[in-house]
Each structure stands twice: as C-alpha cells, then as structure tokens.
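Report on one structure; see the data block that follows.
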Amino acid sequence: MPDSQNFPFTAIVGQEAMKLALLYNIIIPPIGGVLIRGEKGTAKSTAVRALASLLPERKSVKGCPFRCNFDDPDNFCSLCKERVSSGEELIPDMVRMRVVELPLSATEDRVSGTLDIEHAIRTGKRKFQPGILAEANGNILYVDEVNLLEDHLVDLLLDAAAMGVNYVEREGISFSHPARFLLVGTMNPEEGDLRPQLLDRFGLVVDVTGEGDMQLRKEIIRKRLGFEHNPKEFISSYHESEKKLRECVISAKSLADQIPIDDRTLDIIVAITLRLGVDGHRADLTFIRAAIASAALAGRTFISREDISRAAELSLPHRMYRRPFEEQHNDMKQVESWIMELYQDVS
C-alpha cells in the first residue's frame with residue numbers, strides 16, 4: 001500500500017529525468033545513487049520520499065538488527081557471523097526497502113553508531129548501538145541539502161560507500177556491519193557546491209528547474225492543493241497507478257539480468273567516454289548500467305539508441321569537468337550527435 005504520509009510518485013507532474021534516475025537506481029542499485037540539483041520547490045524531496053511506496057522487498061536475515069542480505073553470507077555483520085559460527089541456522093525474512101533520512105544536524109556517533117565501552121569492560125562482550133548507516137543498509141539513504149553536510153560526515157559516507165561496510169572502533173574494541181545503501185542527495189546549487197569526492201560517488205546527476213509550461217504548472221498547483229485538502233482521498237486515487245508502477249519496477253529488476261551487453265553498445269559507450277576524457281572507469285560502468293535499466297523499465301531485452309541517450313544524459317554531465325567545451329547544454333548536444341554517428345557506424 002502507498003505510504004499515507006507521502007505525495008504519490010505517479011502524481012508528480014513533469015521532472016521525467018529525475019523520476020527515471022530514481023527508478024533506474026531501484027532497478028539496478030550498483031548504478032550508485034543519484035544527486036538531484038535544482039532550485040527550491042521543484043519536487044526534489046517530494047520525489048525521493050515518494051519512492052517509499054514503490055520499493056520492492058528483499059531477503060534479509062531474520063532477527064538481524066542490520067537486516068543483512070541473507071544471500072550474501074560473505075558480507076554478514078559481526079553478529080550474524082557469530083550466530084553462524086555457533087551452529088545456529090539462520091532464517092530468511094522478507095523486508096520492504098525504505099527511505100532513511102540523514103539529518104544535517106546528525107552527530108558522528110548518530111551516523112556511525114556507538115560502542116558501549118563500559119559494558120564491554122564489565123561483561124567482556126561488545127554492545128553496539130546502531131546508527132543511521134545501520135538503518136540504511138539495504139535501503140535508500142537520503143540526504144537533503146547534501147552540499148551543506150559537514151566534512152567529517154561526508155568522509156563517513158565516502159568510506160561506507162566505498163567499502164560497503166561501516167567499521168567502528170573505540171578504545172581497542174571494534175565492530176563492523178554491512179552498510180550497502182543507495183545514496184540519494186538533493187541540493188540547491190545557489191547554497192554552495194558539493195565536494196568533488198562526494199559528487200563522484202553519485203552514479204547519476206539530474207538538474208531540475210521549475211515547470212515552464214502553463215498547463216503543466218496549473219496541473220502541479222491543482223494536485224498539490226488536492227493533496228493538502230484531503231491527503232487520504234488523494235493518495236487513494238493513485239493507488240492503482242502506484243501499484244502498476246511498483247509491479248513494473250519489480251519486473252524490470254528481473255528483466256535487467258536478461259539483457260545482454262552486446263559489442264555494439266560497448267563500442268558506443270567506450271567511444272563516448274574516451275572522447276570526453278573522463279577519469280577512471282566508473283563512468284563507463286554507470287553508463288552501461290543506466291542503459292540496461294532504461295531498456296528493462298521499457299520492458300525490452302535489448303538496448304536501443306534511446307536507452308544510450310538517456311543514460312548519457314544522466315551519467316555523464318557531472319563527469320565532464322575536463323571537457324574541451326564551455327556549456328554543459330552544448331556538451332550534451334555534442335554527445336547526442338556522437339551517439340547518432342556511432343550508432344550508424346556500428347549498425
């Protein structure tokens with residue numbers, strides 16, 4: 001059932017690139033999250049929170065406070081590993097993914113969790129108080145105004161995102177647990193830039209603006225007022241569309257594994273990233289994963305030129321800072337022309 005507190009995802013007018021970027025990440029989590037940049041009042045936070053009603057279930061370890069992935073024993077938390085070592089048979093438990101918010105005011109201990117040193121000294125046993133990274137494991141970690149996050153918290157996120165593990169050590173006592181999450185951030189560029197190290201951790205980036213079409217702008221106002229007047233009735237009216245999209249996303253997750261990565265697609269993607277001179281290989285991997293997600297969401301088992309174009313639009317702009325052009329808009333027009341040219345050459 002849709003979350004009674006959130007505006008329905010399918011009721012959001014316009015902002016198609018933002019909605020697709022969020023859905024692509026649900027379909028293929030290794031895409032690496034999404035950063036949504038734009039002025040206030042452009043449905044950034046609304047869209048992220050609305051994802052709650054679309055998120056699928058996943059298999060976790062029953063009784064685990066960190067909801068470890070049942071099918072990934074190599075990355076169990078310390079507690080689950082101890083349970084296995086003691087001979088206990090773990091039981092799977094299906095849990096719904098959710099959106100976990102990281103407030104800007106959070107302390108380091110609130111984010112990473114804390115170890116009770118006195119308890120350890122008194123009993124000889126570790127006692128760990130989970131933090132936000134523990135809650136985020138297997139879920140979406142949402143940071144509003146991510147560009148205003150304090151540097152030491154940014155470092156925590158970078159470490160956890162890089163290793164997929166949260167490691168806490170106090171007074172020689174340590175504890176670790178998986179921290180594999182989808183990082184979603186929103187920000188207003190007018191309030192400051194994002195550290196390059198964190199920007200690079202976002203697989204996709206979307207720039208959003210207010211709707212310029214008069215009819216669509218009127219529709220936005222009507223829907224928002226309708227939601228505020230009677231939230232329960234408004235949300236109920238989108239129950240079927242939310243259900244349909246949720247089923248579409250679940251189906252796309254299964255279909256994505258069946259989509260072959262053909263040489264033609266690889267040739268085009270590698271040629272584009274080489275021409276742009278992007279650093280490393282993260283861009284290539286994100287590019288291809290986004291193209292697969294686009295095809296899967298459309299219900300296809302092959303990657304089309306349109307899929308490649310959509311993936312380029314979302315995965316490349318924030319990695320083009322060393323490009324030999326001046327305007328991002330012109331850059332993407334150039335990329336689109338390259339895609340058309342390359343697609344014809346390898347057809």
Original post:
Along each of its three principal axes, how wide is the spread of alpha-carbon positions in the chain, in whole angstrom units, largest first?
Top reply: 68, 51, 41
Original post:
Listed highest first by mean packing, meaning other Cβ atoms within 10 Å per residue, what order do 308-320, 82-94 come in?
Top reply: 308-320, 82-94
**OP:** Whole Å is fine, so just give me how far the alpha carbon centre of region 240-274 lies from that of region 42-56.
**Re:** 21
Subject >> Degrees between helix 151-163 axis and first principal axis of the chain (Cα, 0 to 90, nearest 10) >> reply: 90
**OP:** Determine by what factor the alpha-carbon radius of gyration of region 215-263 differs from 2.2 N^0.38 Å, reporting the quotient.
**Re:** 1.78
Original post:
Restricting attention to the alpha-carbon atoms of region 244-285, what are Rg (one decimal) and Dmax (integer), both in Å?
Top reply: 14.4, 41
**OP:** Give me the angle, in degrees from 0 to 90, between the Cα long axis of helix 328-345 and the longest principal axis of the Cα atoms of the chain, rounded to the nearest 10.
**Re:** 80
**OP:** Sum -39500 (n - 2.57) across every DSSP H segment of at least 4 residues in the chain, then divide by the residue count to get the 222 nm mean residue ellipticity, nearest 500.
**Re:** -14000 deg cm²/dmol
Subject >> Whole-number Å³ per residue for the convex hull built on Cα positions in region 199-347 >> reply: 152
Subject >> the chain - share of DSSP beta bridges that are antiparallel (%, nearest 5) >> reply: 45
Original post:
Restricting attention to the alpha-carbon atoms of region 40-97, what are Rg (one decimal) and Dmax (integer), both in Å?
Top reply: 16.0, 54
Original post:
What pairs from K223/K253; K19/K244; K59/K81; K223/K333 go past 23 Å between their alpha carbons?
Top reply: K223/K253; K223/K333
Subject >> Mean projection area, nm², convex hull over Cα of region 174-232 >> reply: 8.4
Original post:
For the residue pair D74 and E247, what label-to-label distance in nm results when each label sits 7 Å from Cα along the Cα-to-beta-carbon direction?
Top reply: 3.7
Original post:
Angle between the Cα long axis of helix 16-27 and the longest principal axis of the chain, 0 to 90 degrees, nearest 10?
Top reply: 40
**OP:** May I ask you to order 177-183, 159-165 by the average number of other C-beta atoms within 10 Å around their residues, highest value first?
**Re:** 177-183, 159-165
Original post:
Leaving out same-chain residues fewer than 8 places away, which aspartates and glutamates sit with a Cα under 18 Å from that of K218?
Top reply: E16, E228
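Dipole of the chain, Cα-centred, from +1 at each Lys and Arg C-beta and -1 at each Asp and Glu C-beta, to the nearest 20 debye?
My answer is approximately 880 debye.
Where a number appears in this text, it was derived from the coordinates with a stated rule and is not lab data. Note that the coordinates shown come from a computational prediction; the quantities given were computed from them, not determined experimentally. A quick note on method: Cβ atoms are made from the backbone with ideal geometry, for glycine too, and the neighbour counts reach across all protein chains shown.
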